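Right, I'll just put the structure down here and ask away after.
The values are calculated or read from the model by the stated rules, or taken from the named source; none is laboratory data. What you see is a predicted model, and the numbers here were worked out from it, not measured in a lab. Here Cβ is always computed from backbone atoms with ideal geometry, including for glycine, and neighbour counts include all displayed protein chains. Please note that ligands, DNA and RNA were not included when accessible areas were found on the heavy atoms of the full protein model with its side chains. Shrake-Rupley method; radii C 1.70, N 1.55, O 1.52, S 1.80 Å.
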Amino acid sequence: MSKKEIRKVTQMGNSLGVGLPKAITDAFNIKRGDELEFEVKDGQIMITKKVKWEDQVDAEMLEMLAETFEEHHEVLKRLKDR
């Protein structure tokens, strides 16, 4: 995706905003509510999609943890209350 696109900066309340081209939102799977991190580096603005922890954890592992917590709830509660 080396095609350049130009967008105008618009007023959004007290802030300024730029719409993201569909090709970019599709390529990086950017959805409403996602967080983007902005960094200025060497005179350029770097934009990085912040990865949610939920997307980095295996669903099977989460299910296994939930079962473990449920099975050992009393022991874990006692440890917490120590």
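If you filter the range 29-80 for trypsin sites (Lys or Arg not before Pro), then keep DSSP loop positions with at most 15 other Cβ within 10 Å, what is left?
Passing both the DSSP loop test and the Cβ count: LYS31, ARG32, LYS50, LYS52.
Just the number, please: carbon plus sulfur as a percent of the accessible area of the range 6-52, 1.4 Å probe, no ligands or DNA/RNA counted. Walk me through the numbers on the way to the answer.
Working: 2410 of 4400 Å².
Carbon-and-sulfur percentage of accessible area, whole number: 55.
Follow-up question, since we're still on this one. Mind checking the angle between helix 59-71 and the chain's longest principal axis? C-alpha axes, 0 to 90 degrees, to the nearest 10.
Taking Cα atoms only, the helix is inclined about 30 degrees.
May I ask you to evaluate 6.51 cos²θ - 1.76 cosθ + 1.60, the Karplus curve with θ = phi - 60°, for each residue of the range 73-80 and list the ³J(HN,Hα) values in order in whole Hz, giving x for glycine and proline?
3, 5, 4, 5, 5, 5, 4, 5
Enumerate by residue number the GluC sites (Glu not before Pro) in the chain meeting two conditions: DSSP loop (anything except H, G, I, E, B), and at most 15 other Cβ atoms within 10 Å of the site's Cβ.
Here the GluC sites (Glu not before Pro) that fit, given the DSSP loop and packing criteria, are GLU5, GLU35.
Please give the per residue accessible area of the chain, computed with a probe of 1.4 Å over protein heavy atoms only, in Å². If you can, show how the numbers build up before the last one.
On the way: 8260 Å² over 82 residues.
Counting only protein heavy atoms, the per-residue value for the chain is 101 Å².
Considering every pair of different Cα atoms, what Kirkwood radius, in Å, is found for the chain?
Numbers: mean 1/r = 0.0580 Å⁻¹.
Answer for the chain: a Kirkwood hydrodynamic radius of 17.2 Å.
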